[in-house]
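Step one of this worksheet: look at the structure below.
The values are calculated or read from the model by the stated rules, or taken from the named source; none is laboratory data. Worth saying up front: this structure is predicted, and the values here are computed from it rather than measured. Ideal geometry is used to build each Cβ from the backbone, glycine not excepted, and the neighbour counts take in all protein chains shown.
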There are 2 protein chains.
Amino acid sequence: MPTESPTFAPMSQRPLILISNDDGITSPGIGHLIDCMKEIGEVIVVAPDKPQSAMGHAITINEPIRMTKVDLHHGVEAWQTSGTPVDCVKLAIDKLLPRKPDLMVSGINHGSNSSINVIYSGTMSAAVEASIDGMKAIGFSLCDYSWEADFQPAMSWIKKIALATLNNELPYGTLLNVNIPKGDIKGIKICRQAVARWKEEFEERVDPFGRNYYWMTGKFVNMDHGTDTDVWALENNFISIVPTMFDLTDHGRIGTVNNWNLHE
Amino acid sequence: MPTESPTFAPMSQRPLILISNDDGITSPGIGHLIDCMKEIGEVIVVAPDKPQSAMGHAITINEPIRMTKVDLHHGVEAWQTSGTPVDCVKLAIDKLLPRKPDLMVSGINHGSNSSINVIYSGTMSAAVEASIDGMKAIGFSLCDYSWEADFQPAMSWIKKIALATLNNELPYGTLLNVNIPKGDIKGIKICRQAVARWKEEFEERVDPFGRNYYWMTGKFVNMDHGTDTDVWALENNFISIVPTMFDLTDHGRIGTVNNWNLHE
């Protein structure tokens with residue numbers, strides 16, 4: 001077999017992996033993800049310089065963005081930006097990446113991004129942005145909001161899922177939303193997003209000057225009793241993987257709205 | 001016919017309509033939408049106190065939110081908040097609305113929210129949030145970024161679409177993304193979201209202290225040659241209506257990822 005065989009790719013041909021998150025570049029979650037991805041390929045990190053949870057797919061268009069190279073002591077190239085998670089991915093694409101990455105991973109988020117949380121999540125939005133650009137992309141979240149969360153039980157599963165994503169076909173338009181239960185892990189379920197929502201409960205307070213202000217709180221309401229959902233999988237100690245897309249068209253309802261005869 | 005017939009509903013039974021946007025409460029677009037919706041029902045406005053374009057589905061969880069009643073001189077109840085478009089809808093639900101609105105409308109956005117723009121748009125995210133809460137919801141956008149855009153040709157169409165949405169069934173999980181071409185309008189097409197993306201082009205500058213900063217710019221790239229897309233409709237002077245959903249599951253790929261045999 002010739003030495004240039006792709007089976008024995010040189011180091012420079014190791015997979016290129018872009019990493020971002022929304023908890024900020026100093027979060028323990030991204031540190032664990034960096035260490036895991038270094039075992040698989042060449043890593044470049046571009047992440048927010050502060051927590052940017054719940055930023056959704058926000059981008060920064062009304063002010064400039066700063067970007068600074070930082071030493072994370074993980075032995076990988078790393079940059080922090082003043083922007084949102086989606087800004088980080090866009091900056092990486094335009095200014096930093098030597099070629100299109102073979103994989104983009106986001107997280108590990110401190111807290112669940114299952115069900116409707118996918119839509120508020122900066123972690124998932126960073127992965128969505130990479131997917132729009134044509135990268136294979138995965139968002140990883142651990143269902144534990146604590147800064148001191150124990151990521152160790154998750155790590156071999158994360159490596160397995162990343163390798164499978166590198167080694168299998170995933171068509172343009174699809175990425176993966178991976179949520180990992182806290183504690184023991186029984187295995188993996190491929191799921192759909194549970195039908196759920198947050199019931200808002202704003203806490204009203206009065207500042208020292210007599211003016212009202214509000215803190216957003218809420219209760220998670222699962223309206224879905226299916227056993228094929230991400231919420232079910234997580235409640236039963238399985239990792240949930242939801243194939244996720246950014247085509248928001250409700251194709252099944254095009255006919256419904258056509259029947260309203262608005263074109264008449 | 002008795003006077004209590006539902007055909008002659010008293011004023012208190014007129015449809016309740018919630019209005020928000022992302023360009024801010026003082027934008028001409030929301031002013032036109034308020035005037036139009038007043039002809040249909042009782043209106044309550046809750047909108048950002050400043051431009052919040054491209055905020056996506058961001059919510060404010062790390063700082064408190066202010067909310068102030070304002071007089072817009074449109075004869076309707078109106079509140080401005082320091083939060084994002086999604087925050088506005090959540091505050092309206094928890095603190096302001098006397099009952100679930102019959103309709104939520106967002107906009108009129110100054111600029112297109114067709115194709116992939118739906119995912120960055122604060123205007124559409126406000127409508128998505130209302131839809132998650134169970135309201136019928138529509139995002140309206142005019143394909144003209146100018147603050148002095150001419151909304152007049154759009155107004156009768158917007159009224160027609162709002163009335164049709166009130167008078168027809170729309171199942172939970174589906175809302176409408178309505179984009180209106182600049183200038184002459186030939187009619188309405190019910191469409192799918194075109195496959196498109198933005199190619200990032202960050203402009204790098206140096207501040208007076210020698211440090212780099214970046215302005216996000218980009219080029220819109222339409223990769224879709226279909227004639228059933230929103231981009232096609234708008235280029236051909238039709239209003240595009242895309243039935244839009246917040247279930248991001250790529251149901252067709254659950255089988256694909258199952259075949260990776262990750263559960264083994």
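Can you work out which of the residues in segment B:199-219 that are acidic (Asp, Glu) and under 30 Å from A:Thr249 (Cα atoms) is surrounded by the most Cβ atoms within 10 Å (Cβ to Cβ)? Break it down stepwise before answering.
Start the filter on segment B:199-219 by keeping residues that are acidic (Asp, Glu), which leaves B:200-201, B:203-204, B:207.
Then keep just the ones that are under 30 Å from A:Thr249 (Cα atoms); that gives B:200-201.
Numbers: B:Glu200: 21, B:Glu201: 12.
Taking the candidates together, the pick is B:Glu200.
Would you be able to tell me the number of residues in segment A:213-264 that are modelled with pLDDT under 95 and at the interface with chain B (Cβ under 7 Å from one of its Cβ atoms)? Matching residues across segment A:213-264 total 2. Of the numbered criteria (1) within 12 Å of another protein chain (Cβ to nearest Cβ); (2) under 18 Å from B:Thr244 (Cβ atoms); (3) aromatic (Phe, Trp, Tyr), the one B:Trp79 fails is (2). Within segment A:82-105, the set of residues being outside any helix (DSSP H, G or I) and under 17 Å from B:Tyr120 (Cβ atoms) comprises A:Gly83, A:Thr84. Within segment B:92-99, can one find any residue that is modelled with pLDDT of 95 or more, away from chain A (no Cβ under 11 Å), crowded, with 19+ Cβ neighbours inside 10 Å and touching a strand residue (DSSP E or B) at 6+ places or on another chain (Cβ under 7 Å)? Checked segment B:92-99: no residue is modelled with pLDDT of 95 or more, away from chain A (no Cβ under 11 Å), crowded, with 19+ Cβ neighbours inside 10 Å and touching a strand residue (DSSP E or B) at 6+ places or on another chain (Cβ under 7 Å).
If you check B:Glu201, B:Glu169, B:Glu235 for being in contact with an Asp or Glu (Cβ under 7 Å, 6 or more places away or on another chain), farther than 17 Å from A:Phe246 by Cβ and free of Cβ contacts under 8 Å to residues at least 60 places away in the same chain, only one passes: B:Glu201.
Restricting attention to segment A:167-183, does a residue exist that is in a strand (DSSP E or B) and among the basic types (Lys, Arg)? Steps first, please.
Restricting attention to segment A:167-183, the residues satisfying the condition of being in a strand (DSSP E or B) are A:174-180.
Within this subset, residues satisfying the condition of being among the basic types (Lys, Arg) are none.
No; the residues of segment A:167-183 include none that is in a strand (DSSP E or B) and among the basic types (Lys, Arg).
For segment A:30-89, taking the residues that are closer than 30 Å to A:Trp198 by Cβ and among the acidic types (Asp, Glu), the one that is farthest from the chain's Cα centre (by Cα) is identified as A:Glu63. Which one is surrounded by the fewest Cβ atoms within 10 Å (Cβ to Cβ) among residues in segment A:100-124 that are touching a Gly at 6+ places or on another chain (Cβ under 6 Å) and either without any contact (Cβ under 8 Å) to a residue 24 or more places away in the chain or farther than 22 Å from A:Leu166 by Cβ (or both)? The qualifying residue surrounded by the fewest Cβ atoms within 10 Å (Cβ to Cβ) is A:Tyr120. Looking only at residues of segment A:9-26 that are away from chain B (no Cβ under 14 Å) and assigned to a loop (DSSP other than H, G, I, E, B), we find that the one that is nearest to the chain's Cα centre (by Cα) is A:Asn21.
Has segment B:220-235 got at least one residue that is in contact with a Pro (Cβ under 8 Å, 6 or more places away or on another chain), closer than 26 Å to B:Gly134 by Cβ and surrounded by 21 or more Cβ atoms within 10 Å (Cβ to Cβ)? Among the residues of segment B:220-235, not one is in contact with a Pro (Cβ under 8 Å, 6 or more places away or on another chain), closer than 26 Å to B:Gly134 by Cβ and surrounded by 21 or more Cβ atoms within 10 Å (Cβ to Cβ), which makes the answer no. With respect to the conditions (1) part of a loop (DSSP other than H, G, I, E, B); (2) touching a residue at least 60 places away in the same chain (Cβ under 8 Å), A:Phe209 lacks only one, and its number is (2).
The set of residues in segment B:1-47 that are out of contact with any strand residue (DSSP E or B) (no Cβ under 8 Å at 6 or more places or on another chain), at pLDDT 95 or above and of a type in the set (S, T, N, Q) contains only B:Thr26. Of the residues making up segment A:12-46, those that are more than 12 Å from A:Leu72 (Cβ to Cβ) and of a type in the set (A, V, I, L, M) number 5.
So, B:Ile158, is that one outside any strand (DSSP E or B) and in contact with a strand residue (DSSP E or B) (Cβ under 9 Å, 6 or more places away or on another chain) or not?
On the way: outside any strand (DSSP E or B): yes; in contact with a strand residue (DSSP E or B) (Cβ under 9 Å, 6 or more places away or on another chain): yes.
Yes, satisfied.
Looking at segment A:114-142 only, could you name the residues that are assigned to a loop (DSSP other than H, G, I, E, B) and within 11 Å of chain B (Cβ to nearest Cβ)? So that I can check it myself, show each step before the final result.
At the first step, the residues of segment A:114-142 found to be assigned to a loop (DSSP other than H, G, I, E, B) are A:114, A:120-121, A:133-136.
Within segment A:114-142, A:Tyr120, A:Ser121, A:Asp133, A:Gly134 meet the criteria.
Please determine, by comparing only the residues of segment A:47-61 that are of a type in the set (S, T, N, Q) and at the interface with another protein chain (Cβ under 7 Å from one of its Cβ atoms), which one is nearest to B:Ile61 (Cα to Cα).
Start the filter on segment A:47-61 by keeping residues that are of a type in the set (S, T, N, Q), which leaves A:52-53, A:60.
Filter once more, so that each one left must be at the interface with another protein chain (Cβ under 7 Å from one of its Cβ atoms): A:53, A:60.
Details: A:Ser53: 8, A:Thr60: 18 Å.
Per the criteria, the residue is A:Ser53.
Taking segment B:184-198 as the range and being on the phi < 0 side of the Ramachandran plot and either surrounded by 13 or more Cβ atoms within 10 Å (Cβ to Cβ) or without any contact (Cβ under 8 Å) to a residue 24 or more places away in the chain (or both) as the test, the residues that pass are B:Ile185, B:Ile188, B:Lys189, B:Ile190, B:Cys191, B:Arg192, B:Gln193, B:Ala194, B:Val195, B:Ala196, B:Arg197, B:Trp198.
Scoring A:Asp71 on the criteria (1) buried (at least 24 other Cβ atoms within 10 Å of the Cβ); (2) more than 9 Å from every other protein chain (Cβ to nearest Cβ) leaves a single failure, condition (1). May I ask you to list the residues in segment A:199-208 that are within 8 Å of chain B (Cβ to nearest Cβ) and in contact with a Lys or Arg (Cβ under 7 Å, 6 or more places away or on another chain)? Selection gives A:Glu200, A:Glu201, A:Phe202. Of the residues contained in segment A:171-183, none is found to be touching a helix residue (DSSP H, G or I) at 6+ places or on another chain (Cβ under 8 Å), charged (D, E, K, R) and at pLDDT 95 or above. For A:His32, the conditions (1) touching a residue at least 60 places away in the same chain (Cβ under 8 Å); (2) assigned to a loop (DSSP other than H, G, I, E, B); (3) away from chain B (no Cβ under 14 Å) all hold with the exception of (2). Filter segment B:145-183 down to residues that are more than 10 Å from every other protein chain (Cβ to nearest Cβ) and of a type in the set (Lys, Arg) and give me whichever is surrounded by the most Cβ atoms within 10 Å (Cβ to Cβ). Out of the qualifying residues, it is B:Lys182.
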